[in-house]
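The values are calculated or read from the model by the stated rules, or taken from the named source; none is laboratory data. Only a predicted model underlies this, so the values are computations on that prediction, with no experimental measurement involved. Surface accessibility is based on the protein's heavy atoms, side chains included, excluding ligands, DNA and RNA. Shrake-Rupley method; radii C 1.70, N 1.55, O 1.52, S 1.80 Å.
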Amino acid sequence: MSHTYIDGHGRFAGFVGSSTDITEQKLSEDELKKSHQELTQYNYEMNLINQLNSYLQVCRSVDETYPIVSYYAEQIFPDCTGALYLFNDKKTLVESMTTWGITEHIKSAPVIAPDDCWSLRQGKEHTTLDNDGRLRCKHVSEGVSNYICEPIIAQGEMLGMLHIEFNGAKHKVGEEKTYYVESRKRLVKITADNLALSLVSLKLKEALQSQSVRDPLTYLFNRRFMEESLEREIHRCARAQHGLGLILSDIDHFKQFNDDYGHDAGDLVLVEYANILKSHFRSSDVICRYGGEEFIIIMPDIDKADLIKRAEMLCQEVAAWELLYQNKPLPSITASFGVAYLHNTLVEKSDIIKAADVALYEAKNNGRNQVVVSSTEFIDV
């Protein structure tokens with residue numbers, strides 16, 4: 001600020017002025033602006049994580065989470081490349097289930113051993129930052145100097161880990177780089193913790209669901225699931241005008257086998273027979289333990305000739321089956337089969353099951369170890 005100075009005779013004598021150093025004020029304003037930007041960015045990232053959580057909470061299976069994780073991770077970590085790794089059922093391998101960012105440039109292997117990652121070994125975050133590879137995990141190839149692996153742990157169980165490669169870190173230096181990496185580490189930790197809670201909840205839900213629809217011995221679908229599936233497939237068959245096959249199978253003389261060799265040997269036969277069924281049929285077929293030594297196979301979208309051929313091949317395969325129990329060969333096992341076929345019509349599920357059941361009893365009365373096709377027609381031409 002300045003003022004004009006006039007002497008005692010009214011003549012101009014100069015200016016009088018003052019000045020203020022505003023350097024500190026300017027620095028404070030810059031810091032305030034920076035803090036505001038950081039808060040805005042934090043709120044934006046937390047909002048994305050909340051959105052991620054809202055979707056994860058309504059997922060019905062772990063598989064449903066993968067595209068959701070990829071979609072939101074790409075927004076939460078826009079300048080990063082990353083992957084979600086989860087353990088397999090046997091805890092022997094860790095597999096990349098989904099990736100995001102510039103995925104063709106990702107430097108981490110798709111399948112790794114748990115010992116290949118420092119974070120999985122230690123159960124805590126592992127960060128590699130400009131250390132010329134001396135602390136690089138074995139699953140990460142050369143050329144990546146800035147990345148983090150964050151384990152996903154819930155209820156004391158390690159489920160997998162998040163792998164994030166900091167593509168934007170190489171363009172930053174000094175305090176800016178330190179702040180960037182630390183903020184990313186905090187964000188990765190928050191994301192991993194939220195994922196852990198959702199994944200462990202879904203795994204528990206899947207386990208309970210599996211117990212409700214699976215036979216505990218053979219791990220085939222149970223009778224309850226079979227009835228629900230058959231009802232659905234009958235209606236689908238009528239809408240799509242496709243064929244639907246039903247095979248009812250019974251292991252011959254099984255009760256006598258149990259009496260002669262004991263229930264442990266009998267259980268072994270049931271489990272191995274279930275394995276034969278699982279290897280023999282398509283993934284779209286529904287294989288169920290109907291009760292005791294009886295099994296039902298629902299085969300959607302099939303014609304009658306292929307249905308009969310599949311049953312006959314299975315009958316022959318079972319008859320040629322060789323099975324050991326306690327390192328000793330068991331006597332040959334055979335099975336009988338009743339086959340019913342439905343095409344382009346609606347029927348009660350009990351009717352098609354009864355048709356297959358009548359055919360099965362005919363096969364057993366005719367000497368067993370054979371396939372009998374039901375004489376009941378469920379065809380609308």
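Here are a few things to note about the model shown:
- Cα-based Rg of segment 57-98 normalised by 2.2 N^0.38 Å, two decimals: 1.29
- Fraction in percent of alpha-carbon pairs per bin - 10 Å, segment 340-381: 31, 47, 19, 3
- From phi via Karplus (6.51, -1.76, 1.60), per-residue ³J(HN,Hα) for segment 204-220 in Hz, x at Gly/Pro: 5, 4, 5, 5, 5, 5, 5, 4, 7, 10, 10, 6, x, 7, 8, 6, 7
- Estimated from helical segments only, the mean residue ellipticity of the chain at 222 nm is -15500 deg cm²/dmol, where each DSSP H run of four or more residues counts as -39500 (n - 2.57).
- ASP250 accessible area, assembled protein chains, probe 1.4 Å, Å²: 10
- Rolling a 1.4 Å probe over the protein heavy atoms leaves ARG236 with an accessible area of roughly 110 Å².
- For segment 179-260: rounded, prolate or oblate by the Cα gyration tensor [a/c cutoff 1.5]: oblate
- In Hz, Karplus ³J(HN,Hα) per residue of segment 278-286 (6.51, -1.76, 1.60; θ = phi - 60°; x = Gly, Pro): 5, 7, 8, 10, 6, 5, 7, 7, 10
- The chain - Rg and Dmax from Cα coordinates, angstrom: 34.3, 141
- Eigen-decomposition of the gyration tensor built on the alpha-carbon atoms of segment 280-333 gives equivalent ellipsoid semi-axes of 26, 14, 9 angstrom, largest listed first.
- Kirkwood-Stokes translational diffusion coefficient of segment 222-381, alpha-carbon pairs, 20 °C, 1.002 mPa s, µm²/s: 134
- Solvent-accessible surface (1.4 Å probe) assigned to ASP380 amounts to roughly 80 Å².
- With q set to 0.11, 0.12 Å⁻¹, the log10 of I(q)/I(0) for segment 59-212, from the Debye formula over equal scatterers at the Cα positions, is -0.41, -0.48.
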